[in-house]
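> Input: one structure, supplied below.
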């Protein structure tokens, strides 16, 4: 005859219920903790690009960091992340900024070389920031997007000693040899550089 299992104690039931109420991601030693440690910018969420879409490096030791390159995704935020995670795409950026609320995803560590500029020399010497939206749709360039992106750029410039000016914070269209036009004529450079310097 099979022996019946004892019922759990009241204390064990309460402890289990308390643990069940805690989101898994907040438990010590879980993936969220590892993700938080992976980001270079504390306000970013780790959304890693495929290792096939960037070059591992040790910047600024291997290459100096001289530029921040501003991009527009020409895609939605989730589609951009999916593209960077697709090993067949051969493209990535260090960060993606969401239009609606300025939320930031980090896709490539700053010490690695993201493939964003279309020019190897500029890739090695820059941090690439993608912004959700389309160059011909200025409604995507929200206050939150400008403000959170400017905070990110200011932090990068401070970290690596990059001057906070238009000679060093450039558009994708300013990279030699590129055929891209982003961030386009609707991007407010005066406002952006002001925010970078005063956030």
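Values in this text are rule-based calculations from the coordinates and carry no lab data. Here the structure is a predicted model, which means the values were calculated and not measured. Neighbour counts are summed over all protein chains in view; Cβ atoms, including those assigned to glycine, are modelled from backbone coordinates with ideal geometry.
> Over the range 40-198, one equal point on each Cα, no solvent: what is log10 I(q)/I(0) by the Debye formula at q = 0.09, 0.12, 0.21 Å⁻¹?
Evaluating at q = 0.09, 0.12, 0.21 Å⁻¹ gives log10 I(q)/I(0) of -0.23, -0.43, -1.56.
> Ordered by packing density, taken as the mean number of other Cβ atoms within 10 Å over each peptide's residues, highest first, how do 115-128, 182-195 rank?
115-128, 182-195
> Set the Förster radius R0 to 41 Å, insert the Cβ-Cβ distance between residue 88 and residue 61 as r into 1/(1 + (r/R0)^6), and round the FRET efficiency to 0.05.
Using R0 = 41 Å, I get an efficiency of 0.85.
> How many angstrom lie between the Cα centre of the range 53-107 and the Cα centre of the range 137-194?
Using only Cα atoms, the two centres lie 14 Å from each other.
> So if the hydrodynamic radius of the range 66-139 is defined as the Kirkwood radius over C-alpha pairs, what does Stokes-Einstein give as its diffusion coefficient at 10 °C and 1.306 mPa s, in µm² per second?
D, rounded to a whole number, is 128 µm²/s.
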